[in-house]
Every structure is written in C-alpha cells, then in structure tokens.
Amino acid sequence: MALVPPPARSPLDAPSSPTPAASPGTRRHGSGRRSLSVIDAVCVLVGVVVGVGIFGFPPMVARYAATTEIYLGLWIVGGLVMLIGALCYAELGSAYPDHGGEYLYLNRAWGPRVALLFAWARGTVMQTGGIAVVAFLYGGYAQQWMPLGQFGIAWHAGLSVIALTLLNMAGARTSRTLQRILTALTLLALIGLIAAAAWLAPGGLPPSAAGDAAVAGIRDAPIAGSLGMGMVFVLLTFGGWNEAAYLSGELRNPARNVSRVLFLGTGLVAVLYILTNLAFLRLFGLEQLREADAIGLDVMRVVAGPYGAWVLGILICCTALTTMNATIMTGARVYAALGRDVPRLAPLARWSQAGRAPIAALILQAGLTLLLVLYGAFTPNGVEAMVAVTAPAFWLFMTLVAGAVWRLRRLDPDRHRPFRVPGYPFTPMLFALTCAALAVASALYAGAGTVLGLLIVAAGWPLCRLYSQRVTAAA
C-alpha cells in the first residue's frame with residue numbers, strides 16, 4: 001500500500017490493496033530532496049553503529065566465551081548476521097525508496113495497522129529510548145569536565161538532545177557536515193587504538209585454555225545458552241545499521257546506492273569491530289577482559305598513560321554525539337511518514353523549504369526523548385529499564401521486516417527490484433529466525449519489562465482507528 005501517491009502510476013506501481021486518497025496536507029508538504037550522497041549515508045550508518053557499546057559490551061561477551069577463538073567467532077558471526085540483514089534491507093530499500101523506511105515495508109507487506117503500531121512503538125520508546133540512553137552516557141562523561149550539580153548528567157543529556165535537534169532543524173547540510181566530522185574523529189580514535197595495540201602489545205593472541213576460561217558463570221551453563229547470550233550482546237553492539245533505511249528517500253539514485261551504502265557501511269563496521277576486539281585481546285587477554293568494568297579506561301591507561309582517562313572522555317563524547325546526531329536525523333523520518341498517512345497528524349509531514357528538514361517531527365521526537373531523560377533523572381536504573389522494555393518489541397518488528405522480503409515478492413511480484421537478495425528464500429528466512437530468537441532471548445532477559453513494552457505497543461491501537469477513519473472518509 002503506497003504511502004505517498006507518485007505523480008503518475010504505472011501497472012508496476014499498483015498497490016496490492018486499495019490505497020486511500022492522500023490528504024490535502026500530503027500533497028502540500030514537501031518530503032525532502034534527494035541530496036544525500038553515498039558517503040553522507042555511510043557516515044550516518046557508521047555514526048549510528050559505532051558507538052559507546054564497543055567500550056561496554058566486549059567484557060560481557062567475553063564472560064560467555066570459553067576461549068579466545070570462540071570470543072572472536074561470536075564477533076565474526078555477528079558481523080555476518082549484520083551483513084545478511086543488510087542484504088534484506090538492500091532489496092527492500094532499492095525497490096521501495098522512501099524516508100519512511102521500515103514503516104513503509106511493514107505497511108506494504110503486513111498492512112497499515114502493523115505499520116502504525118510499529119510507528120507508535122518506535123516513536124514512543126524504541127527510537128527515543130535509544131537517543132536517551134546515548135544522551136545519558138554522554139552526560140556521564142561531560143559531567144566530569146563541567147559539573148552541573150546533583151542532576152548534572154541529566155542536564156547534559158537534555159542539553160545535548162536540544163542542541164543536536166536544533167542542528168538538524170537547521171537543515172540536512174549542516175547536520176551532514178557535523179556527522180562527517182564526528183564520524184571521522186570516532187574512526188580515527190578507534191584506528192589509533194588498534195594501531196597502539198599492534199605497536200605496544202606483544203605479538204600473537206594470548207593463549208586461553210577451555211578449563212581456565214570456564215569462569216564468570218559459564219562453567220555450568222549449557223554451551224548453546226552461553227553462545228546465545230554472548231550473541232545478544234554482540235548484536236547490541238552492532239545495532240543501528242538498519243537506520244540507513246530511513247535515508248533512502250533522500251539518497252541520490254537510491255535504486256543503485258542503497259545497496260552500496262549498506263555494504264560499505266556494514267563492511268566497515270564489521271572490520272573495525274573485529275580489529276578493535278583483536279586489540280583488546282592483545283592488550284589484556286580474555287581473562288582480564290572478562291574482569292574489566294571499564295575497558296576503555298583500561299585501554300587508555302595502557303596506551304596513553306596518565307592522560308588515558310582524559311583521552312577516553314574525548315573519545316566517548318565524540319562517539320556519543322555521533323550516534324545521537326545520526327539517530328536524531330533518521331528517527332524523525334518515521335514521524336514524517338506517519339503524518340502523511342494520518343490526517344490528524346499531518347503537521348508531522350511538513351518539511352521546511354529552506355533547510356529541507358521535518359521540523360515538527362524533530363520537535364516531537366525531542367519532546368518525547370526529554371520526557372525519558374526526565375524519567376531517567378529520577379530513576380537509579382532508568383537506562384537499563386528502558387533497554388529492557390524496548391528490546392523485545394524491537395526484535396519482534398525486525399522479524400516482521402525480514403518476513404516482508406518474502407511477502408512482498410508474493411504480493412508485488414512485478415515490482416522492479418534493482419537489487420535482489422542472493423540465496424532467496426533462505427537468506428531472509430535465516431535473518432527472520434535470528435531476529436525471532438533475539439526477541440525471545442531479550443524477552444527472557446527483560447522479564448516483567450517485556451509486559452510493559454508490549455502494553456506500550458498495544459496502546460498505539462487508537463492510531464489504527466484514525467487510519468480507518470481516513471479510509472472511510474476517502475471512500
């Protein structure tokens with residue numbers, strides 16, 4: 001079901017079900033011009049993925065790996081899963097280029113109600129929760145240099161959300177420039193870490209025996225369970241690559257470039273993360289890596305001596321700001337797509353003529369994120385609670401997106417697909433099964449948070465009624 005009627009329809013563009021007429025606001029509001037180059041989109045993708053997780057999750061992965069080889073294998077498999085997902089997204093993004101991203105794919109494959117529930121879940125907790133988590137991580141380091149009192153971390157977090165939102169409201173060109181600078185700084189910092197490990201650490205990987213490695217909760221755990229939990233943390237570190245789907249509507253020549261962006265971006269991230277973990281192993285070995293509470297601080301102490309903490313603070317702040325800027329940029333696009341479908345939310349679809357940015361969508365996203373920041377300020381474990389609530393819903397919808405590759409080939413067989421997933425149907429099936437397994441694993445980890453997350457998703461059902469009213473009115 002098309003979200004935005006094209007200027008002229010051909011038989012290839014015919015939707016699989018009747019499409020209601022567009023609201024007046026849909027035709028009046030711009031949807032942004034195709035101004036993003038491949039390099040710009042790759043910077044956004046890398047900026048979203050390469051974040052503070054690479055300094056937080058490796059010790060957790062190490063605790064579920066019995067040997068050095070298994071540890072590295074988990075990261076390699078995680079990179080392969082990300083590549084398989086990129087193959088699926090490349091087909092969807094090249095066939096249906098639109099800044100609605102997953103919202104469009106779910107709409108066409110599973111109907112407007114599923115898409116609207118996804119938009120609700122993403123807008124209320126999934127995307128805004130992700131921005132808030134990174135904002136708190138940034139605030140923790142910024143507070144060390146500029147203390148702002150008892151709630152200083154929350155103040156820094158909130159101010160960073162406001163500042164980056166205003167930057168994106170100024171237009172795509174301004175935010176793209178900052179994204180390139182911050183991404184370059186992040187990559188240079190990680191490359192410097194890798195080079196320092198190769199220069200300072202002794203050659204070869206530290207040996208690890210399975211008997212010595214059976215510690216930290218993995219001695220009595222089933223092998224499959226240990227590897228599964230390790231993979232959950234690996235894919236959390238790789239998370240965010242799918243955000244490139246929201247830029248396909250603004251990407252130059254999306255039919256050709258969507259696949260390029262996904263392959264270049266995911267390939268760069270996979271290589272960078274594997275080399276970074278090799279650096280961790282060379283500097284500390286698997287046993288010390290398991291015991292590390294702040295691996296980044298330990299790395300910088302080894303590499304930069306007494307100035308390590310200061311250098312790390314700069315790195316973490318740059319990384320956090322890079323991730324926040326990219327996530328804010330892509331996150332507002334789903335609000336804009338939602339505004340095109342629901343007449344009462346039409347203001348969200350308005351784009352500025354000068355800056356070519358979805359102003360109302362950015363403001364709404366910032367407002368919801370600031371509410372989460374306020375909640376986190378008064379909750380000791382607010383960040384962990386938000387992650388527990390959002391993860392099961394995220395992987396559930398990712399499973400449906402993976403299934404959309406198969407379903408859209410059946411519903412829309414004549415659609416021109418500039419890129420087709422190799423190994424179909426096994427490739428999207430493997431990705432769907434992986435996402436479903438992660439949904440179950442994260443639900444077990446979240447516990448009671450799963451119920452809360454699903455209740456929040458169900459609370460978006462009134463949006464379906466709004467859409468039904470639009471269909472009735474159009475008829």
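The values are calculated or read from the model by the stated rules, or taken from the named source; none is laboratory data. Just so it is clear, the structure is predicted and the values come from calculations on it, not from any experiment. Here Cβ is always computed from backbone atoms with ideal geometry, including for glycine, and neighbour counts include all displayed protein chains. Just the protein is used for accessible areas: all its heavy atoms, side chains included, with ligands, DNA and RNA removed. Shrake-Rupley method; radii C 1.70, N 1.55, O 1.52, S 1.80 Å.
Quick notes
- Label positions at Thr379 and Leu455, each projected 7 Å from the Cα along the C-beta direction, are separated by 1.2 nm.
- Net length gained if the chain between Ala184 and Trp199 were fully extended (0.36 nm per residue, minus Cα distance): 3.2 nm
- The residues packed around Cys88, meaning those with a beta-carbon under 13 Å from its beta-carbon, carry a net charge of +2 if Lys and Arg are +1 and Asp and Glu are -1.
- For the stretch 75-197, taking Cα atoms only, Rg and Dmax work out to 18.6, 52 Å respectively.
- Placing pseudo-labels 7 Å out from each Cα toward the beta carbon at Arg415 and Ile314 gives an inter-label distance of 4.7 nm.
- In plain terms, the chain from Ile191 to Asn253 could stretch by 19.2 nm, reckoned as 0.36 nm per residue minus the Cα-Cα distance.
- When Glu287, Glu69 are compared by accessible area at a 1.4 angstrom probe, the order from most to least is Glu69, Glu287.
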